[in-house]
Amino acid sequence: MHQFSFDFNDPFFDLHGWRLGLQVVTFENTYGLDPARTTIAGDRIEAAGLTSAGGRNLEPGSAWIEARPTPDGIEVTAGANHALKIRCLKLLVDGLPAGEITGRRWEPARPVPPNGIVYRYPADPFTALAMHTPLVFLTDPRGGHIYFRSLDDRVRARRFTFQPRGDALSVELIHEESAHLMTTATETPRWRIGRCADPNAVVEDHLSHQERAFGLQPWETRPDVPDWAREISLVASIHGMHWTGYTFNTYADVLGALEWICERIDGRRVLAFLPGWEGRYYWQYGDYRPDPALGGPDGFRRLAEGARSLGVTLMPMFGASCANTNLPGFEEWGAPSILRSASGMEFQGNRPDWDTSRAHDPGWQAWLNPGAPAWRERLLSQAAGLLQAYGLRAAFFDTHHIWDNDPHYPLYDGLAALRNGLRERVPDLLMAGEGWYDGLGAITPVSQVGAPSQWEHAFSRYCRTFAHLMWGDPSRGSSGVHEAGHTGSGLVPDARHWWPTVTIVDGTIKNAPEKVEQIIDQAHRYAKTYL
């Protein structure tokens with residue numbers, strides 16, 4: 001966490017028992033309130049001028065903070081005007097007790113590091129400080145908790161910063177406007193700050209807000225969950241072709257594995273997840289079609305028809321935000337869709353070491369914004385075309401949780417448009433994805449990265465999960481097409497929102513049939529208990 005190397009001299013003002021301040025950030029500088037030109041009247045702080053360089057330079061512009069009392073704290077909004085485009089507003093809360101924080105994915109409370117910590121929403125759930133929802137708790141050493149919530153009804157960038165100031169803590173509640181809407185004037189959504197003895201009631205109130213904001217409904221009544229999906233008790237993750245071209249399973253092999261599985265469990269309980277079905281994993285991203293080396297269109301049709309006769313639903317995997325720059329036509333549909341940050345930087349992603357050069361330099365792999373019309377239309381036409389051509393009714397979107405504040409196209413809106421377009425073409429569709437945060441749960445009712453550490457019903461009330469793509473197979477712990485190599489294997493947790501999952505690579509059933517059957521037994525127990 002980077003800091004200024006001098007005291008920024010933020011002025012703080014008391015409103016309803018809370019010490020509040022504000023910073024205005026453009027793409028050129030950071031500004032504070034000028035105390036000589038700031039007044040307080042009732043619930044409102046008005047600054048008729050700003051400063052920079054720790055108060056040394058007087059600057060034009062204006063800002064305000066408004067705080068209204070609530071039964072357990074305050075509800076705050078802020079706004080600013082400036083000659084330059086405003087990137088974000090930082091609401092400062094000072095003089096807080098030096099307690100422990102529960103942020104990120106609501107992990108157990110932890111001390112604030114000496115250099116401070118920043119939680120980010122929305123962000124890649126595999127990063128250390130990604131938040132699934134903008135709600136953080138701070139323990140008060142005197143008893144109870146202080147909470148910080150954003151009451152925004154849109155997916156926009158929020159950051160929560162906690163940093164020591166002497167024997168106390170200072171908090172930054174940062175709202176960054178959608179980059180394509182940024183102007184010289186901005187206003188935050190409502191921030192709620194309060195004290196509670198038990199966080200449970202705050203969590204429930206927050207979930208109610210999410211339901212209203214994103215249209216979330218419980219799993220049992222979600223209109224985007226087809227009836228057949230509520231009968232699933234086993235996910236068979238059957239891997240096709242690795243990035244290198246190594247084949248784990250051809251289409252005929254996939255069908256053979258499903259036939260073996262369906263001798264032991266009713267096929268209508270089985271969802272067959274197909275990573276690497278299109279050929280070289282990730283290398284083929286952006287051009288989805290049955291691969292000749294795996295059996296081609298005829299082989300894939302035989303797989304689709306065979307699975308359907310077994311009652312099994314196939315779920316091919318697509319990349320929501322990645323494509324190979326070497327594909328024909330990339331300059332037309334890919335280059336204009338490159339995912340960028342608010343300041344215009346190209347998003348680089350996690351840069352897997354696909355070729356084991358140890359360089360982590362896949363320059364051929366571009367990260368694209370599904371909000372960009374050209375990329376979204378290509379992805380929609382390819383996914384819908386495959387589903388319709390082969391009579392499929394489920395689709396999985398890898399990396400759909402990747403988010404950046406793109407100044408050209410709103411990413412979340414693009415995902416919603418992709419979902420709507422797919423469901424228009426395939427009404428009985430189940431749409432699944434890799435990651436999860438609150439608003440994303442309204443797009444995909446199934447994801448591989450699910451419930452938080454505490455208050456798991458924030459996920460399980462609305463969604464279902466299954467073992468991640470990297471989950472190792474029972475015979476040798478192979479993660480199949482995933483870059484993780486070999487990982488652990490076993491049973492997923494016994495819980496309503498966890499679908500039992502078996503990973504199948506080459507030789508899995510032959511070499512470890514009894515371990516596969518243990519997972520199928522868990523699927524039987526799941527169906528008996530929860531369905």
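The values are calculated or read from the model by the stated rules, or taken from the named source; none is laboratory data. Note that the structure is predicted; figures quoted are calculated from it, not measured. A quick note on method: Cβ atoms are made from the backbone with ideal geometry, for glycine too, and the neighbour counts reach across all protein chains shown. Ligands, DNA and RNA are stripped out before the accessible areas are found, and what is left, the full protein with its side chains, is counted by its heavy atoms. Shrake-Rupley method; radii C 1.70, N 1.55, O 1.52, S 1.80 Å.
Sort out which residues of segment 449-462 are out of contact with any strand residue (DSSP E or B) (no Cβ under 6 Å at 6 or more places or on another chain) and either β-branched (Val, Ile, Thr) or part of a loop (DSSP other than H, G, I, E, B) (or both), and write them in order of number.
Val449, Ala451, Pro452, Ser453, Gln454, Trp455, Glu456, Arg461, Tyr462, listed by residue number.
Could you tell me whether any residue of segment 379-401 is more than 30 Å from Asp227 (Cα to Cα) and not hydrophobic (A, V, I, L, M, F, W, C)?
no
Mind checking which residues of segment 58-74 are open to solvent by less than 50 Å² (accessible area, probe 1.4 Å) and over 18 Å from Asp205 (Cα atoms)?
Result: Glu59, Gly61, Ser62, Ala63, Trp64, Ile65, Glu66, Ala67.
Pairs under 7 Å by beta carbon, first residue without any contact (Cβ under 8 Å) to a residue 40 or more places away in the chain in segment 283-295, partner open to solvent by 20 Å² or more (accessible area, probe 1.4 Å), six or more apart or different chains?
Note: pairs meeting the criteria are Pro290/Pro297.
Please go through (1) in contact (Cβ under 8 Å) with a residue 24 or more places away in the chain; (2) surrounded by fewer than 21 Cβ atoms within 10 Å (Cβ to Cβ); (3) not in a helix (DSSP H, G or I) for Asn405 and return the number of the only condition it doesn't satisfy.
Unmet condition: (2).
Filtering segment 331-366 down to residues that are among the basic types (Lys, Arg) and touching a Pro at 6+ places or on another chain (Cβ under 9 Å), which residue is surrounded by the most Cβ atoms within 10 Å (Cβ to Cβ)?
Step by step, filter segment 331-366, then rank; the result is Arg340.
Okay, residues lined up against (1) under 20 Å from Gly21 (Cα atoms); (2) under 21 Å from the mean Cα position of the chain (by Cα); (3) free of Cβ contacts under 8 Å to residues at least 60 places away in the same chain:
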site: Ser62; (1), (2), (3): yes, no, yes
site: Thr77; (1), (2), (3): yes, no, no
site: Leu84; (1), (2), (3): no, no, no
site: Leu96; (1), (2), (3): yes, no, no
site: Gly99; (1), (2), (3): no, no, no
site: Ala123; (1), (2), (3): no, yes, no
site: Phe162; (1), (2), (3): yes, no, no
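Which of (1) under 27 Å from Tyr282 (Cβ atoms); (2) open to solvent by less than 20 Å² (accessible area, probe 1.4 Å); (3) over 25 Å from the mean Cα position of the chain (by Cα) is the odd one out, the single condition Ile520 does not satisfy?
(1)
Considering only segment 186-205, state which residues are under 18 Å from Tyr462 (Cβ atoms) and either in contact with a Lys or Arg (Cβ under 6 Å, 6 or more places away or on another chain) or open to solvent by 20 Å² or more (accessible area, probe 1.4 Å) (or both).
Passing the criteria: Asn200, Glu204, Asp205.
Collect the residues in segment 463-485 that are surrounded by fewer than 20 Cβ atoms within 10 Å (Cβ to Cβ) and not in a loop (DSSP other than H, G, I, E, B), keeping them in residue-number order.
Selection gives nothing.
Would you say Asp438 is within 28 Å of Pro410 (Cα to Cα), modelled with pLDDT of 95 or more, in a loop (DSSP other than H, G, I, E, B) and open to solvent by less than 10 Å² (accessible area, probe 1.4 Å)?
yes
Kindly indicate the residue of segment 104-133 that is open to solvent by less than 50 Å² (accessible area, probe 1.4 Å) and among the β-branched types (Val, Ile, Thr) and also farthest from His400 (Cα to Cα) among those meeting that condition.
Val112
Find the strands (runs of 3 or more DSSP E) located wholly in segment 32-81 whose residues include 3 or more that are aliphatic (A, V, I, L, M), and list them.
Those strands (runs of 3 or more DSSP E) span 62-70, 73-81.
Would you mention how many residues in segment 225-245 are part of a loop (DSSP other than H, G, I, E, B) and closer than 25 Å to Val492 by Cα?
7
What pairs come up if the first residue lies in segment 248-273 and is without any contact (Cβ under 8 Å) to a residue 24 or more places away in the chain, the second is buried (at least 16 other Cβ atoms within 10 Å of the Cβ), and their beta carbons are under 9 Å apart, counting only those six or more places apart or on different chains?
Between residues of segment 248-273 that are without any contact (Cβ under 8 Å) to a residue 24 or more places away in the chain and residues that are buried (at least 16 other Cβ atoms within 10 Å of the Cβ), the close pairs are Gly256/Asn249; Gly256/Ile509.
Among the residues of segment 278-289, is any hydroxyl-bearing (Ser, Thr, Tyr), touching a strand residue (DSSP E or B) at 6+ places or on another chain (Cβ under 8 Å) and open to solvent by 10 Å² or more (accessible area, probe 1.4 Å)?
Scanning segment 278-289 turns up at least one residue that is hydroxyl-bearing (Ser, Thr, Tyr), touching a strand residue (DSSP E or B) at 6+ places or on another chain (Cβ under 8 Å) and open to solvent by 10 Å² or more (accessible area, probe 1.4 Å).
Among the residues of segment 193-204, are any at pLDDT below 95 and over 20 Å from Asn81 (Cβ atoms)?
yes
What residue, of Leu84, Leu96, is more than 21 Å from Ser341 (Cβ to Cβ), surrounded by fewer than 22 Cβ atoms within 10 Å (Cβ to Cβ) and not polar (S, T, N, Q)?
Leu96
Tally the residues that are of a type in the set (Asp, Glu) and either at pLDDT below 95 or buried (at least 16 other Cβ atoms within 10 Å of the Cβ) (or both), restricting the search to segment 15-52.
The qualifying residues number 1.
I'd like to know if segment 6-24 contains one or more residues that are outside any strand (DSSP E or B), out of contact with any strand residue (DSSP E or B) (no Cβ under 9 Å at 6 or more places or on another chain) and among the hydrophobic types (A, V, I, L, M, F, W, C).
Looking through segment 6-24, at least one residue is outside any strand (DSSP E or B), out of contact with any strand residue (DSSP E or B) (no Cβ under 9 Å at 6 or more places or on another chain) and among the hydrophobic types (A, V, I, L, M, F, W, C).
Does Asn369 qualify as being in contact (Cβ under 8 Å) with a residue 24 or more places away in the chain, loosely packed, with under 15 Cβ neighbours inside 10 Å and not aliphatic (A, V, I, L, M)?
No; evaluated as a whole, the condition is false for this residue.
Given the criteria closer than 22 Å to Gly143 by Cα, open to solvent by less than 40 Å² (accessible area, probe 1.4 Å) and in a strand (DSSP E or B), does Ile101 qualify?
Yes: the conditions hold for Ile101.
Taking segment 499-520 as the region of interest, how many residues are aliphatic (A, V, I, L, M) and assigned to a helix (DSSP H, G or I)?
Of the residues in that region, 4 qualify.
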